[in-house]
Amino acid sequence: LYFLEEWGMEPLEDYVPSNSPDCTRVFVNGVWVGTHREPAQLVDTMRRLRRRGDIAPEVSIIRDIREREFKIFTDAGRVYRPLFIVDDDPESETKGELVLQKEHIHKLMNSEYDEYDDDPLASHYTWSSLVNDGVVEYVDAEEEETIMIAMTPEDLEASKSSLSETQQKSLQMEEQDLDPAKRIKPTYVSSTHTFTHCEIHPSMILGVAASIIPFPDHNQSPRNTYQSAM
């Protein structure tokens, strides 16, 4: 709460509706604690601090623009999953690309080979290192409603291309003719919102119970639902 007040949050005790009717309400674990006049700036600051490691990666940061609400959740029991972060900085040269680079992969591979090294001072690059470096981010179900997730890195490249809608549809028809079992890719237009995250693998949209179902795409959808609930 002290941090939020430092970044411009007005405590609930000082809130006067007539003075700031368009302000955004700030909630912490479901409790209304204050209001803020610049919610976009607050969200960007909080997410930047979380990706930098100054805030715990398990903290959820949600901004509901329509309801003018800003929510922070730190309580236990929330189900969250990892996603790759997409660089959405408008001033960045790598805008629209994954923050994950080949150097991160090389570090992981080298760390795997150095696993049996007896040097206690050797710094091993692990999954936690990816989270601390702002490459991977944990997102829960409610925050997932406020972000744009690409299914594959190829979708990021397609969204950046300057192909027209007609050209993309023709390419999709050609791909479908070549491989009928291939996933149908979405159609992108110039007004498509920039992606903010990317799936690590398309199968990770499923939960633990659903991911162990053999050939779920060949089952009736109620059967997958029943097995996931067992």
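The values are calculated or read from the model by the stated rules, or taken from the named source; none is laboratory data. This one's a predicted model, so the numbers in the text were calculated from it and none came from an experiment. Cβ placement follows ideal geometry from the backbone for every residue including glycine, while neighbour counts extend to all protein chains displayed.
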### Query
(1) part of a helix (DSSP H, G or I); (2) at pLDDT below 85: which one isn't true of residue 227, the others all being true?
(2)
### Task
Go through the residues of region 20-41 one by one and say whether even a single one is in contact with a Cys (Cβ under 9 Å, 6 or more places away or on another chain) and assigned to a strand (DSSP E or B).
yes
### Task
Test residue 79 against the stated conditions and say whether it is modelled with pLDDT of 90 or more and not small (Gly, Ala, Ser).
no
### Message
Against the definition (in contact with a helix residue (DSSP H, G or I) (Cβ under 7 Å, 6 or more places away or on another chain), of a type in the set (Val, Ile, Thr) and outside any strand (DSSP E or B)), how does residue 55 come out, yes or no?
### Response
yes
### Task
Give the number of residues within region 193-224 that are surrounded by fewer than 12 Cβ atoms within 10 Å (Cβ to Cβ) and not in a helix (DSSP H, G or I).
7
### Message
Take the conditions among the β-branched types (Val, Ile, Thr) and either out of contact with any strand residue (DSSP E or B) (no Cβ under 6 Å at 6 or more places or on another chain) or not in a strand (DSSP E or B) (or both) and apply them to residue 45. Does it pass?
### Response
yes
### Message
Kindly evaluate residue 45 against the criterion of being among the hydroxyl-bearing types (Ser, Thr, Tyr), over 18 Å from residue 89 (Cα atoms) and surrounded by 12 or more Cβ atoms within 10 Å (Cβ to Cβ).
### Response
no
### Task
Kindly indicate the residue of region 1-54 that is over 30 Å from residue 128 (Cβ atoms) and of a type in the set (Gly, Ala, Ser) and also modelled with the highest pLDDT among those meeting that condition.
34
### Query
Can you pull out the residues in region 8-17 that are part of a loop (DSSP other than H, G, I, E, B) and either surrounded by 14 or more Cβ atoms within 10 Å (Cβ to Cβ) or of a type in the set (Ser, Thr, Tyr) (or both)?
8, 9, 15
### Task
Using the structure shown, decide if residue 37 is farther than 30 Å from residue 154 by Cβ and of a type in the set (Lys, Arg).
yes
